[in-house]
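Reviewing the structure listed below.
The values are calculated or read from the model by the stated rules, or taken from the named source; none is laboratory data. These numbers come from a predicted model, not from an experiment. Please note: Cβ atoms are built from the backbone with ideal geometry, for glycine as well, and neighbour counts cover all protein chains shown.
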Amino acid sequence: MAGAALRDQLSALLSSMFSQGLVDEQFEQLQMLQDEGGTPGFVAEVVTLFCDDAERIIAEIATLLEQPIVSFDKVDAFVHQLKGSSASVGAQKVKFTCMQFRQFCQEKSRDGCLMALAVVRNEFYDLRNKFQTMLQLEQQIQAYDHKQQ
Amino acid sequence: MTSSVAAAAPSPILSPKVVAAPPPLKAADRKVVPVVVAAAAAVDEVANEMHVLAVDDSSVDRAVIAKILRSSKYRVTTVESATRALELLCLGLVPNVNMIITDYWMPGMTGYELLKRVKESSKLKEIPVVIMSSENVPNRISRCLEEGAEDFLLKPVRPSDVSRLCNRIR
């Protein structure tokens, strides 16, 4: 696929991620840091760290919520971690869901937490898919550019 | 060899002040120009280089803070716990630390406890300590400042937060 078409695809993808509120200004700041520093791979690195982290945390929370007696403090601590890393990477929707999730933890509501977990999981998977597409497109663009030289 | 511009008699109004550029070399004649500028920049870097110790249990946050600092030409050492940070500092394994930037809430020793230990140590107390937190809790902020923190940054940390900070500490 020609370079221009790839770039258009990437541009359209990023536009929609921003307009749908999946990512916010923090993500833009990270992109700028990458561009200014001339260090390709920074955004990929942070995004990958975030996805690994989120996956681990979601699994931990799921296990905690399956226990006969739920330790809401522990669940809250994990949600707090996820909220922190989503804020740092600019994953806005996930961050907001975490804020609501913490409410359910305060209320010690297992049902509320299970529901919030389902929402956060879906949002995370959706975002992860888009991040993966973004990184693939970037790699394709780099490969194409490299061939042109 | 004379350029075609010099050959034309310059009129009083149009006489060029700038020497015409030599014609471009053919590809075969092109030599690699020694990069003198880069060397000067590297020397600059070492002379002005600040070494920052960044402490955070979150791998995402460590990557972000390290990148922000390195973009401003600081040397960064990252650690994932306050205990580890103290170990490195006390054993002299991270010499010449100009600033410590630490997350507030971490499992085990908190950033606040790290701050206190640093300020209590005759060896370390001169090192400015900056606390980062995702929560805007006024009591927390004032306690940290009272304990001697240089500044308190709200997460997510932005490049502008850090550059303002480092300009003050330089």
>> Restricting to segment A:8-37, name every residue that is part of a helix (DSSP H, G or I) and among the polar types (S, T, N, Q).
In response: A:Q9, A:S11, A:S15, A:S16, A:S19, A:Q26, A:Q29, A:Q31, A:Q34
>> With the structure loaded, tell me whether A:L14 is more than 10 Å from chain B (Cβ to nearest Cβ), surrounded by 12 or more Cβ atoms within 10 Å (Cβ to Cβ) and not hydroxyl-bearing (S, T, Y) or whether it fails that test.
In response: yes
>> Contact list please: Cβ distance under 9 Å, first residue in segment B:53-73 and more than 7 Å from chain A (Cβ to nearest Cβ), second residue among the basic types (K, R), pairs at least six apart or on different chains.
In response: B:A54/B:R62; B:V55/B:R62; B:V55/B:R84; B:D56/B:R62; B:L69/B:R75
> When the residues of segment A:38-67 are filtered to those that are assigned to a loop (DSSP other than H, G, I, E, B) and within 11 Å of chain B (Cβ to nearest Cβ), which remaining residue is surrounded by the fewest Cβ atoms within 10 Å (Cβ to Cβ)?
Replying inline: A:G38
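Can you tell me which residue in segment A:17-37 is surrounded by the most Cβ atoms within 10 Å (Cβ to Cβ), limited to those that are of a type in the set (D, E, K, R) and in contact (Cβ under 8 Å) with a residue 12 or more places away in the chain?
Here is the first cut: in segment A:17-37, the residues of a type in the set (D, E, K, R) are A:24-25, A:28, A:35-36.
Subset that is in contact (Cβ under 8 Å) with a residue 12 or more places away in the chain: A:24-25, A:28.
Details: A:D24: 20, A:E25: 12, A:E28: 13.
Only one residue tops the list, namely A:D24.
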> Out of all the residues in segment A:24-37, which are among the charged types (D, E, K, R) and more than 8 Å from every other protein chain (Cβ to nearest Cβ)?
Replying inline: A:D24, A:E25, A:E28, A:D35
> Here are B:S134, B:S160: which of them is within 14 Å of another protein chain (Cβ to nearest Cβ), of a type in the set (S, T, Y) and within 19 Å of B:S58 (Cβ to Cβ)?
Replying inline: B:S134
> Out of (1) in contact with a helix residue (DSSP H, G or I) (Cβ under 7 Å, 6 or more places away or on another chain); (2) of a type in the set (D, E, K, R); (3) under 27 Å from B:L154 (Cα atoms), the odd one out for A:K130 is which?
Replying inline: (3)
>> Among the listed residues A:K93, A:K108, identify the single one that is more than 14 Å from chain B (Cβ to nearest Cβ), touching a helix residue (DSSP H, G or I) at 6+ places or on another chain (Cβ under 9 Å), at pLDDT 95 or above and at positive phi.
In response: A:K108
> Counting only residues that are small (G, A, S) and not in a helix (DSSP H, G or I), which one in segment B:118-170 is surrounded by the fewest Cβ atoms within 10 Å (Cβ to Cβ)?
Replying inline: B:S122
